[in-house]
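Chemist: Have a look at the structure that comes next, please.
None of the figures in this text is laboratory data; all of them are computed from the coordinates on show. Nothing here was measured: the structure is a model prediction, and the numbers come from that model. Counting neighbours? That spans all protein chains shown, and the Cβs are built from the backbone with ideal geometry, glycine included.
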Ligand SMILES: *Cc1c(COP(=O)(O)O)cnc(C)c1O
């Protein structure tokens, strides 16, 4: 069966590398080798050095390209390695427009590293198209999106921004970590480069750190390949295998977690101790209809405000089931406290202006029984 005829869940299992051509083995072999013998100097081997190409990593790279519907895929040592490598498509003197509530590590990269290389950035509220248009400068070369954003799950209209960017000859990049290709395939909406922290839902088990990039076309793929090889930001063979192992169950994990997230969000909305709930699946979530147009689902991350920092700290101390940690997208539920974890480095006024209050917590819903999760939250919210 051709890949085009397969449904997403079938592609997750039958992605082309599922049977080893040499032995029939039922999983991609781990080619734990840094270099490859030249049997014939005039006909060098397909892979000659693992930074430049490793068969295990290549299987993963083809796998993610297939899932995102792109031309080429690339695997990196972390989400940040994927993001920093992608930004180096830009040159000194270039300018990029970035969503203001971008992942903290991306913000840090732009404001403390890339700025020194004279790559300039403007942060805008991408829910307001006018702000994006006004940020355009003669040297603007790219737009970087993240939707839904973290932790307040703001929605950017991907197709609207991508088509505007195309008119102006700008490269578009999108961090698709929260939705994964199961729910949202930005290349189909006109985006040039899709990026993942595969550490989250794609890996899914809080046991591997990895990043992935998919380019819409071959020419851009060749440029990313040159950077990946030149910078050496590659993912190891072991980690590539472990990530593929996790990705095969992406759809069932997402379905299970999402169903529970919807129930948990509705329950939280009715709880007197909760002031505000952020979940794109809720009827009153701002720009819900735009999200529904560009994504197949609402994901498994629910943020909510318990009113004060004091109450948030008590809640974090009382929950028994979720691990209290940074990160998200795993089989176990993960409860994070942005004010003291992911957004601790942000000045308090900036943080508050972005809705990241002292009482805001973020719940990444795992695969536990949802009624157990709710019961646990009920006792923890009794404060
Ligand atoms: C975690 C995360 C990253 C960074 O990925 P690492 O694998 O931790 O380097 C980037 N973007 C988003 C949205 C993330 O959640």
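Chemist: Counting other beta carbons within 10 Å of each residue's own, what order do 1, 179, 341, 80 fall into, fewest first?
Modeler: Fewest-to-most ranking of 1, 179, 341, 80: 1, 341, 80, 179.
Chemist: Moving on. Take every DSSP beta bridge whose two residues both sit in the chain, then give the antiparallel share in percent to the nearest 5. Walk me through the intermediate numbers first.
Modeler: Numbers: 23 of 42 bridges.
Approximately 55 percent, going by the DSSP bridge assignments.
Chemist: Would you order 95, 38 from fewest to most other beta-carbon atoms within 10 Å of each residue's own beta-carbon?
Modeler: If I rank by nearby Cβ atoms, fewest first, I get 38, 95.
Chemist: Compute the convex hull volume of the Cα atoms of segment 251-380, divide it by the residue count, and report the result per residue in Å³ as a whole number. Kindly include the intermediate steps, with their values, before the conclusion.
Modeler: On the way: hull volume 13.8 nm³, N = 130.
It comes to 106 Å³ per residue, whole-number rounded.
Chemist: Sum -39500 (n - 2.57) across every DSSP H segment of at least 4 residues in the chain, then divide by the residue count to get the 222 nm mean residue ellipticity, nearest 500.
Modeler: -10000 deg cm²/dmol
Chemist: Then there is this: Applying 1/(1 + (r/R0)^6) with R0 = 41 Å to the Cβ-Cβ distance of residue 275 and residue 166, what FRET efficiency is obtained, to the nearest 0.05? Don't skip to the answer; put the middle values down first.
Modeler: Numbers: r = 41 Å, r/R0 = 0.99.
In this case the efficiency is close to 0.50.
Chemist: Which whole-angstrom value gives the distance between the alpha carbon centres of segment 17-92 and segment 220-265?
Modeler: Here the two parts' Cα centres lie 14 Å apart.
Chemist: How would you rank 336, 308, going from fewest to most other Cβ atoms within 10 Å of each one's own Cβ?
Modeler: Neighbour counts put them in this order, fewest first: 308, 336.
Chemist: Another one. What whole number of Å gives the distance from the Cα centroid of segment 96-128 to the Cα centroid of segment 358-383?
Modeler: The two parts, judged by their Cα centres, are 32 Å apart.
Chemist: Continuing with the same structure: For the chain, what D do you get in µm² per second when you plug the Kirkwood radius from alpha-carbon pairs into Stokes-Einstein at 4 °C and 1.567 mPa s?
Modeler: Diffusion coefficient, whole number: 60 µm²/s.
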